[in-house]
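The values are calculated or read from the model by the stated rules, or taken from the named source; none is laboratory data. The shown structure was predicted, so the numbers you read here are calculated from the model rather than taken from an experiment. Positions of Cβ are backbone-derived with ideal geometry, glycine not excepted, and every protein chain shown enters the neighbour counts.
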Amino acid sequence: MSHTTEWRVRLDLVEDDRMTKARVELDTGTATLTGHGTARRSPQDADVPVIGDELAAARAMENLADQLKRAAYGDMAESGSATGPESLRPYAGWPDLTSS
């Protein structure tokens, strides 16, 4: 079965004083999830806004990813698929589909 879909992602960053806040929104067409992340610059650190943007955005995306995984595990449970400890292990990368 072939399946193609498009999900929309919007990332907003706001810097105020030494704090950067990120909000990332994922719209799947059937659901919307929102992740949040922050980064704080120490007073002794140089003012390099891109660093705060990167950290806050990464943290917001991690938050969103956790929500998306929880949603997927819930959908798996509802469909009768396994959701035990094996399903909850941290992701280690793409599977090697060439070996059997």
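Scanning the range 14-45 for residues that are without any contact (Cβ under 8 Å) to a residue 12 or more places away in the chain and either more than 14 Å from residue 56 (Cβ to Cβ) or within 13 Å of the chain's Cα centre (by Cα) (or both) yields 30, 32, 44, 45. Per this entry, residue 11 is counted among residues that are within 13 Å of the chain's Cα centre (by Cα) and in contact (Cβ under 8 Å) with a residue 40 or more places away in the chain. Just to be sure before I move on: is residue 58 out of contact with any Leu (no Cβ under 9 Å at 6 or more places or on another chain) and modelled with pLDDT under 95 in the structure I sent? Against the criterion (out of contact with any Leu (no Cβ under 9 Å at 6 or more places or on another chain) and modelled with pLDDT under 95), residue 58 does not qualify.
Search the range 36-54 for residues being among the acidic types (Asp, Glu) and not in a loop (DSSP other than H, G, I, E, B), and hand back the single one that is nearest to residue 12 (Cα to Cα). Restricting to residues being among the acidic types (Asp, Glu) and not in a loop (DSSP other than H, G, I, E, B), the top hit is 53.
Taking the criterion of being under 21 Å from residue 6 (Cβ atoms) and either surrounded by 13 or more Cβ atoms within 10 Å (Cβ to Cβ) or among the aromatic types (Phe, Trp, Tyr) (or both), the residues of the range 24-56 that qualify are 24, 25, 26, 27, 28, 33, 34, 35.
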